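Shown next, in structure tokens, is the structure this report addresses.
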Amino acid sequence: LRQTGHSLRGSGRSYGFDFISEVGKNVEQFAGDKNVEGISLWTEKLRKYLGSLNIKYVNKE
């Protein structure tokens, strides 16, 4: 989980998803501390955030 959090932290901002980077930072930290409650809190925040996204496909032909 720590490695996954680290990956989220690094890639979220690259794609314009600052909140995903924030989640990654916190998951990485809580995983390192073995804090299950903190990990659960931030993975639930991520689940809600991803569920709220509205993805729109744009064809650039």
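Below, the figures for the structure above:
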quantity: Label-point separation in nm, Leu41 to Leu53, each point 7 Å along Cα→Cβ; calculated: 2.4 nm
quantity: Longest DSSP-loop-exposure-free segment, chymotrypsin sites (Phe, Trp or Tyr not before Pro), the chain, at most 13 other Cβ within 10 Å; calculated: 16-56
quantity: Sparse-neighbour loop sites [trypsin sites (Lys or Arg not before Pro); the chain; at most 15 other C-beta within 10 Å; DSSP]; calculated: Lys34, Lys56, Lys60
quantity: Potential extension, Lys60-Asp18 segment - 0.36 nm per residue separation minus Cα distance; calculated: 12.6 nm
quantity: Label-point gap, in nm, between Thr4 and Lys34 - each point 7 angstrom along Cα→Cβ; calculated: 1.9 nm
quantity: Candidate lysines - alpha carbon under 30 Å from Lys25, same-chain residues fewer than 8 apart omitted; calculated: Lys34, Lys45, Lys48, Lys56
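Read-outs: derived from the displayed coordinates by stated rules, not from any lab. Here the structure is a predicted model, which means the values were calculated and not measured. Here the Cβ is made from the backbone with ideal geometry for all residues, glycine too, and neighbour counts use every protein chain on show.
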